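Student: Pasting a structure here, questions to come.
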Amino acid sequence: QIAANPNDEQLVKKCNSDLIKLWNWSLHNDFYISYLVAIAIEAIRLNALSTVLSSGEFSQPEFVALIGDPVDWHKYQRYAYGSEATAFKSCFDYLQIYALLQTENKKINSLKKYMPLFMKVHFLRDYRFALQTFIKACTVPANLSGLEQVRLALVDDNEIKRNLYLLSGMFMPALGQGYIKSAQITDVRQMAILAAEVMEYRKQHGKLPEDLSFLPNVPLAKLDHKPLMYEKTKDGFRIFSHTDKGEKPDEKDLQYSYWVHWDGK
């Protein structure tokens, strides 16, 4: 709706407000999947607003107001990890109870009969590993770059495979990637605000800037703490960061770039 009707001020405001309410609702569901959904919704909203920026319907202050205040994604990520730890404990308790009950599962019955102590110790070690991993992820400092946060919160996949941790194998692998997603959505907001600065320059000078030297300072990307970049395109411009591999993103890349297009008028 926003992308299709960027000149409809009332519709844009309503849809923008609805999307904010939607990702905010998802964010407060705590679980990791809800956290990732909230980030996805926010990315869709911010990218849709690029059409509003190119339409010129809103002034720079009005556009920044549409973007809204920054979100402490790091805080909500810790909440999500805490909820995941609770869910992990629930699964662990279920397996412990299940192991005590009669079951038709021959493998479980064999383990119960011949290795009851092994089962209990194995699951306890799995649970201990998971808690240590959650704690490590939750204590990563918020002021570090996303890439540094991922490095510190890295899940030891080799230990999971070596010890055949059933629950950790299901819950843990994607844990650290939350810091990449958090950094990316923080950067999308910064890129959108920076794009508004570029459009304001175009409005005042009748052309796009050649670079970002007209700004008093260039914001650093949350992903790698390096300055955000800018380049003109055939039908507008883009603001972008390096990828998580430290490379310049491809021209068609949408993950690390914020595009503003117009029809040439």
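The values are calculated or read from the model by the stated rules, or taken from the named source; none is laboratory data. In this text the structure is predicted, and so the values were computed from the model without any measurement. Note: ideal-geometry Cβ built from the backbone for every residue, glycine included; neighbour counts use all protein chains shown. Ligands, DNA and RNA are excluded from the accessible area calculation, which covers all protein heavy atoms including side chains. Shrake-Rupley method; radii C 1.70, N 1.55, O 1.52, S 1.80 Å.
Student: If you average the sequence gap of Cα pairs under 8 Å that are 6 or more apart and divide by the length of the chain, what percent do you get for the contact order?
Tutor: Answer for the chain is 18 percent.
Student: With equal scatterers on the alpha carbons only and no solvent term, can you work out the Debye log10 of I(q)/I(0) for the stretch 34-81 at 0.18, 0.20, 0.22, 0.23 1/Å?
Tutor: Taken in order of the listed q values, log10 I(q)/I(0) reads -0.64, -0.73, -0.81, -0.85.
Student: While we're here: Which of the peptides 202-212, 141-151, 185-195 is most tightly packed, and how do the rest follow, judged by the mean count of other Cβ atoms within 10 Å per residue? Show your work: numbers first, answer last.
Tutor: Working: 202-212: 12.2, 141-151: 16.8, 185-195: 21.9.
With the highest mean Cβ count within 10 Å placed first, the list reads 185-195, 141-151, 202-212.
Student: Please report the antiparallel percentage of the DSSP beta bridges confined to the chain, to the nearest 5.
Tutor: 100
Student: Have a look at ASN16, CYS138, PRO249 and report the one farthest towards the positive end of the charge dipole of the chain, computed about the Cα centre with Cβ charges (Lys/Arg +1, Asp/Glu -1).
Tutor: Checking the options against the dipole of the chain, the answer is CYS138.
Student: Under a 1.4 angstrom probe, counting protein chains only, how are SER257, SER213 ranked by accessible area, largest first? Working shown, then result.
Tutor: Details: SER257 5, SER213 95 Å².
Heavy-atom accessible area, descending, gives SER213, SER257.
Student: Separate question: Let me spell out the model: positive unit charges on the Cβ of Lys and Arg, negative unit charges on the Cβ of Asp and Glu, origin at the Cα centre of the chain. What dipole size does that give, in debye rounded to 20?
Tutor: Numbers: 32 positive and 31 negative charges, 244 e Å.
Rounded to the nearest 20 debye, it is 1180 debye.
Student: Heavy-atom accessible area of LEU22 with all protein chains present, probe 1.4 Å, nearest 10 Å²?
Tutor: That residue has around 80 Å² of solvent-accessible surface.
Student: How many percent of the accessible area of the stretch 156-265 is carbon or sulfur, using a 1.4 Å probe?
Tutor: The C+S portion of the solvent-accessible surface of the stretch 156-265 is 51 percent.
Student: With every protein chain left in place, what is the accessible area per residue of the chain in square angstrom, probe 1.4 Å?
Tutor: 56
Student: Give, to the nearest whole percent, the P(r) tail of the stretch 142-265 beyond 24 angstrom, counting all Cα pairs.
Tutor: 40
Student: In the chain, if the dipole is taken from +1 on Lys/Arg beta carbons and -1 on Asp/Glu beta carbons about the Cα centre, which of PRO216, LEU154, ASN29 is farthest to the positive end?
Tutor: Farthest towards the positive pole: LEU154.
Student: Working with all protein chains in place, sort PHE214, PHE88 by solvent-accessible area computed with a 1.4 Å probe, largest first. Don't skip to the answer; put the middle values down first.
Tutor: Details: PHE214 65, PHE88 0 Å².
From most exposed to least exposed: PHE214, PHE88.
Student: Under the Kirkwood approximation applied to all pairs of distinct alpha-carbon atoms, what is the hydrodynamic radius of the stretch 7-101 in Å? Numbers along the way, then the final one.
Tutor: On the way: mean 1/r = 0.0645 Å⁻¹.
Result for the stretch 7-101 stands at 15.5 Å.
Student: List the DSSP H helices in the chain whose Cα atoms stretch 15 Å or more along the helix axis and whose mean Kyte-Doolittle hydropathy is at least -1.0.
Tutor: 9-27, 32-55, 73-100, 116-138, 177-205
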